[in-house]
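Worksheet for the structure shown next.
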Amino acid sequence: MRTTFITLCLVCLVCQAAFSAKLRILPEFLRPGPFGQPVAADLEGRNQVQRNSSEKYSISTARGAYLSFHLVVSMAVPGEYKVSVEITDRSGKLELDAFKEWFHFTDSNKSYYPDALVPVSLPHSSRLPDPDNRIEKQTAQAYWIDVWVPADAIPGVYKGQARLTAEGKTTRTPIELRVLDATVPAEDVVIIDHNSYGSGWLSGMYGGIPVPSEESFRLTHGYHRLLYEHRGVFHQLGYGHGGKVISEFAPELAGSGRSKRITSWDKYDRHYGPLLDGSAFKGTRRGPRPIPFVYLPINPEWPASFLWWGERGYEAEFVKVMAEMEQHFREKGWTETRFELFFNHKKRYKAFPWDGDETRFAEDDAYFREYRRLLKKALPADTPVNFVFRNDTSWSMERQFESLAGVIDFWVCGSSIFSWYPHATARLKGRGDIVWLYGGAPGVTQVSTAITENPLRIWLYGVDGWVHWLTTNPGEDPWFHFKGGTEVLAYPGERFGIRAPIPSVRLKLQRNCLQDLALADSLKTRVRLDTLKAEITRRYNNTRPADWWTPRPALADKPPFEWSNATIDGANKAAGKATTYDSSAWDRVRAYVLEVASETK
């Protein structure tokens, strides 16, 4: 009888394994892993019970926004499955997007993290282990689900379900979406910029396509569209550290001295025309509009050679070409975009004898003043075209804020050093300057909430934007030997037969954060802004807004040429409190913002 009992138990276990397919829904900041458990970085400090298949998943949102979650299929034994999501909406306003999450293997800690998102249609059929991701003994596959709730959606409760069919059995998870009366503003309260360099990388990622070509222009516009749809901005710098300009980033020139002139706008207009008139964004959910910022090709070597710096010929060529550019932009009606005069070189690159980027020496300010004079001479006083003079600054920012007042009107500042100067925001914004901060994107090995830290910081500081300094470099093999993702937020879709960029989990988390910040800021007509900020930081990580600034270090009183990266890092050790949070941090912020939005009329 003992033998029979053991045999029966084994049979029951085998039967249970045979019907062990499960379907779970996880909140967006709790990233799933390929073996059924969320990634360790998101579990630490989180007090949330995992949902089982039958438990209803409830989520709330304002209108004019996306709501998102992970749908996770788990199977103890290999096999095929089909998954779908349905939302009952008689108005037909709500739209649903689904993406299969790619699990990247990181060499640094030998772990898997979901990030790249491959668009799929629902219902979607696949199998475990996934044959493409090639993870040995994989037992779970995750899908990112976006539900778009437009501004004219009808408030109320929407019912739905997620459904899994596997091993001859169907599992259902009820979904309840609560749409509030409140609407997220279409305009962002902070700008998140995604920077890149040149266009040659498109050829390497997309099957060796010619650059420039109609295909490369289409792909470039695709990156702009993707980031725009995620409430972001895309920047491409069109020249190198030595001043060589890439052909599609500038008009063609001929002549010299007073006869220097623009001979063709063909490549430039094919590249930038649809971006500057907004037609590249036709059909997007946010609607067509011109890009808000763009780099000019101007640098010390273009349109005049730096060999003649200080000579009358240099001034003549610069002023003539700059005036022709202004005329072209004005005639085209490109008056909504800010065209940036920006220098990206450093003295140590040995192309030019001064720092245009992250200036360290006071004597280099003279070059900025001279270029402002040339710019002023070239432009009509009543031009409707928006030109700005941008300076990316770090070491010398406190001095340059005063020495270059009236010269620079667009500051992009190293975030850690800017945190030493809480007085700077009022000073710069008071005179009408644009202020962004910059840094890298958080890697996938960090807690999911890390992508929200800098957007929140920008809003707390009262400045205008944040720059991810590089966001299009996934590395040589992001799919199986990932370097962490600090230089990529949009992946090439070529591997999946998609001739376009595809989004990432971090990009979507960032988008949803920006939605919440736009809504939060709109509530300041009902709740004092300082009250909103205090409550949001408390819920985020039990801090106060003042904790997000770093106490001014003694280093700040020394000349920048005495600083080093090591001494800067040491000075920033006091900033640790604001950078500690768990994966529930933004969930708590969103709950508060939606609560306040529900109370206001």
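Computed from the C-beta positions of Lys110 and Ser416, the FRET efficiency with R₀ = 22 Å rounds to 0.15. Diffusion of the range 501-601 by Stokes-Einstein, at 10 °C in a medium of 1.306 mPa s and with Rh set to the Kirkwood radius over alpha-carbon pairs, works out to 99 µm²/s.
Exposure proxy shown here: for Met397, Met322, the number of other Cβ atoms within 10 Å sets the order, fewest to most, as Met322, Met397. Between the helical axis of 214-229 and the longest alpha-carbon principal axis of the chain there is an angle of about 70 degrees. Return one number: the angle in degrees, 0 to 90 and rounded to the nearest 10, between the long axis of the Cα atoms of helix 266-276 and the longest principal axis of the Cα atoms of the chain. The two axes meet at around 60 degrees.
Counting only Cβ charges, +1 for Lys and Arg and -1 for Asp and Glu, the dipole size of the range 16-183 around its Cα centre is about 540 debye. The length gained on full extension between Thr425 and Phe361, counted as 0.36 nm times the residue separation minus their Cα-Cα distance, comes to 20.7 nm. Among the listed pairs Lys110/Lys573; Lys282/Lys332; Lys267/Lys346; Lys320/Lys376, those whose Cα-Cα separation exceeds 21 Å are Lys110/Lys573; Lys267/Lys346. Projecting the Cα atoms of Phe318, Trp308, Ala362 onto the charge dipole of the range 293-429, computed from C-beta unit charges around the Cα centre, puts Ala362 farthest toward the positive end.
Less than 5 angstrom separates the built amide H of Ala153 from those of Gly64, all sequence-distant by 5 or more or on a different chain. For the chain, the antiparallel share of DSSP beta bridges with both residues in that region comes to about 65%. With Cβ to Cβ distances under 13 Å as the rule, what net charge do the other residues near Trp549 carry (K, R +1; D, E -1)? Within the 13 Å Cβ shell, the charges total +4. Between rounded, prolate and oblate, where does the range 344-493 land on the alpha carbon gyration tensor, with a ≥ b ≥ c its root eigenvalues, rounded for a/c under 1.5, else prolate if a/b exceeds b/c? Cα axes put the range 344-493 in the prolate bin. Here the 3J(HN,Hα) profile of the range 426-442, calculated from phi with Karplus coefficients 6.51, -1.76 and 1.60 at θ = phi - 60°, is 4, 5, 6, 5, x, 9, x, 6, 8, 10, 10, 10, 9, x, x, 7, x Hz, Gly and Pro shown as x. According to the square roots a ≥ b ≥ c of the eigenvalues of the Cα gyration tensor, what is the shape class of the range 16-183, taking rounded for a/c under 1.5, prolate for a/b larger than b/c otherwise, and oblate for the remainder? Judged from the Cα gyration tensor, the range 16-183 comes out prolate (a/c at least 1.5, a/b above b/c). You can think of it this way: the chain between Glu252 and Leu43 has 69.7 nm of extra reach, that is 0.36 nm per residue less the Cα-Cα gap. Compared with the dominant principal axis of the Cα atoms in the chain, helix 365-378 is inclined by about 80°. Under 1.5 on a/c is rounded, so check that first for the range 289-395, then, if it is not, pick prolate when a/b is larger than b/c and oblate when it is not; a ≥ b ≥ c are the square roots of the alpha carbon gyration tensor eigenvalues. Since a/c reaches 1.5 but b/c is at least a/b, the shape of the range 289-395 is classed as oblate. In terms of packing, defined here as the mean over residues of other Cβ atoms within 10 angstrom, the peptides 464-474, 127-137 line up highest first as 464-474, 127-137. Modelled label positions at Arg338 and Ser403, each set 7 Å beyond Cα in the direction of Cβ, lie 2.3 nm from each other.
What number comes out for the charge environment of Gly443, summing +1 per Lys or Arg and -1 per Asp or Glu over other residues with Cβ under 14 Å away? Neighbour charge sum, excluding Gly443 itself: -2. In the chain, helices alone account for a calculated mean residue ellipticity at 222 nm of -8500 deg cm²/dmol, with every DSSP H run of four or more residues adding -39,500 (n - 2.57). Each residue, Glu86 and Leu529, gets one label point 7 Å from its Cα in the Cβ direction; the gap between the two is 4.8 nm. Length gained on full extension, Ser121 to Gln327, computed as 0.36 nm times the residue gap minus the Cα-Cα distance: 69.5 nm.
Legend: calculated FRET efficiency, Asn386 to Ile154, from the Cβ-Cβ distance at R0 = 35 Å, rounded to 0.05, equals 0.35.
Bear in mind these aren't lab numbers, they're just calculated from the coordinates by the rules spelled out. For clarity, every value in this text was computed on a predicted model and none was experimentally measured. FYI the Cβ positions are ideal-geometry reconstructions off the backbone, even for glycines, and counts take in every protein chain you see.
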